[in-house]
């Protein structure tokens with residue numbers, strides 16, 4: 001059976017030993033999961049314990065919360081693609097280190113190039129800073145659209161943060177409400193297709209209102 005380019009990339013990383021995380025207790029590489037033709041992609045930080053065991057992103061308590069939040073925005077896992085900046089679990093869920101991000105980021109960028117989403121929702125500080133390429137706090141940029149060359153970045157609080165700090169949950173729910181409003185403004189319903197094995201996501205039509213939006217950081 002011929003593999004797709006995305007499957008080829010996943011296969012090439014199965015035994016990845018390009019950084020020290022390969023020798024620091026990971027069970028497996030957690031590549032990503034979801035619709036390979038998704039117009040909306042979610043990017044988190046790194047696998048945790050449950051993700052490392054199962055080999056999929058967002059399958060623990062944070063994953064359950066993410067599923068509920070997706071539903072509140074009119075989305076389901078079948079319609080989107082989910083990946084992380086880092087493909088291997090850091091020991092004791094510590095923050096990724098700079099050399100690990102630099103080693104793994106090219107594979108995330110290849111995933112984005114192959115899936116070609118129009119909207120990339122970054123979950124938390126690490127994913128947001130990695131894709132915006134700026135040291136900015138998530139609370140300053142969350143629930144706003146940043147127009148890049150090939151896609152729009154829409155930062156969101158990380159579901160795990162709301163699990164650790166319950167006072168962040170209302171803000172996280174509000175972020176997803178704003179995401180739904182953004183999607184409603186920039187999408188039209190997908191054409192019904194009874195032959196499709198998975199539900200089609202809304203078709204996004206996003207045009208940059210101004211090329212200089214990144215000047216927010218200037």
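Every read-out reported here was derived from the displayed coordinates using simple, explicitly stated rules and does not represent laboratory data. Keep in mind that what you see is a predicted model, and the values were worked out from it rather than measured. As a convention, Cβ positions derive from the backbone with ideal geometry for all residues, glycine included, and neighbour counts pool all protein chains shown.
Rank 36, 57, 170 by mean-square fluctuation in a GNM of the chain with C-alpha springs under 10 angstrom and give only the top-ranked residue.
170
Along the three principal axes, how long is the chain when you take its alpha carbons, biggest first, rounded to the nearest angstrom?
For the chain, the Cα spread along each principal axis is 46, 45, 33 Å.
With a Förster radius of 45 Å, plug the Cβ-Cβ distance of residue 53 and residue 181 into 1/(1 + (r/R0)^6) and report the FRET value to the nearest 0.05.
The calculated FRET efficiency here is 0.80.
Over the chain, with a Gaussian network built from C-alpha contacts below 10 Å, which listed residue (92, 50, 67) shows the highest mean-square fluctuation?
Between 92, 50, 67, it is 92 that shows the largest mean-square fluctuation.
Please report the Cα spread of the stretch 147-189 along all three principal axes, rounded to whole Å, starting with the longest.
In descending order, the Cα extents are 34, 23, 13 Å.
With an 8 Å Cα cut-off and a minimum separation of 6 or more residues, compute the relative contact order for the chain in percent.
Reported as a whole number, the value is 21 percent.
Considering only DSSP beta bridges whose two residues both sit in the stretch 21-187, what percent are antiparallel, to the nearest 5?
Within the stretch 21-187, antiparallel bridges account for around 25 percent of the total.
Relative to the present Cα-Cα distance, how much length would full extension add between residue 2 and residue 169 at 0.36 nm per residue of separation?
Answer, rounded to one decimal: 55.8 nm.
Out of every Cα pair in the stretch 42-140, what percent are spaced more than 16 Å from each other?
Numbers: 2795 of 4851 pairs.
In whole percent, the share of Cα-Cα pairs in the stretch 42-140 beyond 16 Å is 58.
Most mobile of 40, 153, 206 per a Gaussian network model of the chain (Cα springs, under 10 Å)?
It is 206.
Rounded to two decimals, what is the ratio between the C-alpha radius of gyration of the stretch 28-81 and 2.2 N^0.38 Å?
1.09
In whole Å, how far is the Cα centre of the stretch 118-179 from that of the stretch 19-42?
Computed from Cα coordinates, the inter-centre distance equals 19 Å.
From the Cα gyration tensor of the stretch 1-101, with a ≥ b ≥ c the square roots of its eigenvalues, which class applies: rounded if a/c is under 1.5, or else prolate if a/b is larger than b/c, or else oblate?
Numbers: a/c = 2.12, a/b = 1.26, b/c = 1.69.
It is oblate, given that a/c is not under 1.5 and a/b is not larger than b/c.
Just how many % of Cα pairs in the stretch 69-194 lie over 23 Å apart, if you round to the nearest whole percent?
Values: 2701 of 7875 pairs.
Tail fraction, whole percent: 34.
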